[in-house]
Every structure is written in structure tokens, then in C-alpha cells.
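The values are calculated or read from the model by the stated rules, or taken from the named source; none is laboratory data. Predicted model only: the values in this text are computed from it and were never measured. Quick reminder, even Gly has a Cβ in these numbers, built from the backbone with ideal geometry, and neighbours come from all protein chains shown.
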Amino acid sequence: MPYGKSIELFLVNGTADSIVTAELSNWNGKAIKIPRIEVAGCNRDDITQAGVYFLFCKEDDGADSVYIGESENVKERLLQHIRDYQSEKEKYYWTTAVLFVGRDLNKALIRYLENRLVEIAKQCKRYKVLTKNTYQNTVMKES
């Protein structure tokens, strides 16, 4: 029999169109939704942790697309994406990022998670997946 779970949502600035955090009881991680325009000015410690992230975009034809990535400092990586777009190294413009961070995440685990999330997103075919390279041979220890 499935058991219920409680998700705690926190509207950081009091509105759903700003930063929103989500936490599950018995999980030391956190999901955070942050609009692109709020990344640079965000001083939250949790977004500087290691994690995986989704960058949600609209294609020129109106189709939904997503870039899935990983970083040991998610905020710095998001800022790099913004700089890369401004210097025309990246062609896609994302409006919202959703990141998953946690105290126990290390480089091997976030690389594994990124690869699995890209695989799942491609199988679902809900979004055009913009991620080109992942660490496909990341091996996870059983413990």
C-alpha cells in the first residue's frame, strides 16, 4: 500500500512566479525553482551547492525545450550559462531553472543523475532535450 508524503513549498518572495523551494520530509535535498532574472541577485547558500538542474526554454517555433546539467556550484554554472548566451556561445534562452541540491551530493552522483535525467527526458519526449554531452560511464558504488 502506498504511503502519503508531505511536500513543503516555500514562496521565498511571497509569490509563485519568484523563487520557490520544495522539501520532502526524510530527504536532505531540496528542489528550487528560480527565474533567470533572479539568479545573479540571489544570495541563498543552497543554490551554491552541488546538484543537477533543468533550464526550461521556448524554441523559435514555440516548442518547449530543456537543458539538463550538473555542477558542484549550481549558481555559478547558471551564471555561466547566462554569460555564454550573452556572448553568443549558447543559442538557447532559458527563462526558468529548476535545481535539485543536497548535502550528500558529490561529483560522481550528480554526473550519474544528469545522465539518467537526460535519458528519461528523451524517452518521455515532452521536451526537446538540448543537452549534448553527459558522463555515460559513471559508475555508482552500491553503498
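Here are the numbers:
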read-out	value
Positions within the range 1-47 being among the aromatic types (Phe, Trp, Tyr) and not in a loop (DSSP other than H, G, I, E, B), in sequence order	Phe10
Subset of the range 50-73 [assigned to a loop (DSSP other than H, G, I, E, B) and modelled with pLDDT of 95 or more]	Ala50, Glu72, Asn73
Total residues in the range 27-77, condition hydroxyl-bearing (Ser, Thr, Tyr) and free of Cβ contacts under 8 Å to residues at least 60 places away in the same chain	3
Unique residue being touching a strand residue (DSSP E or B) at 6+ places or on another chain (Cβ under 6 Å), under 22 Å from Thr131 (Cβ atoms) and among the β-branched types (Val, Ile, Thr) when the list is Thr96, Thr21	Thr96
Residues satisfying the stated conditions in the range 82-120, i.e. touching a Leu at 6+ places or on another chain (Cβ under 9 Å), of a type in the set (A, V, I, L, M, F, W, C) and not in a loop (DSSP other than H, G, I, E, B)	Trp94, Ala97, Val98, Leu99, Phe100, Leu113
Hits in the range 5-35 (condition: surrounded by fewer than 18 Cβ atoms within 10 Å (Cβ to Cβ) and basic (Lys, Arg))	Lys5
Pair list, Cβ < 9 Å and 6+ apart or interchain, from the range 3-26 residues that are modelled with pLDDT under 95 to residues that are basic (Lys, Arg) and surrounded by fewer than 10 Cβ atoms within 10 Å (Cβ to Cβ)	Leu24/Lys5; Ser25/Lys5; Asn26/Lys5
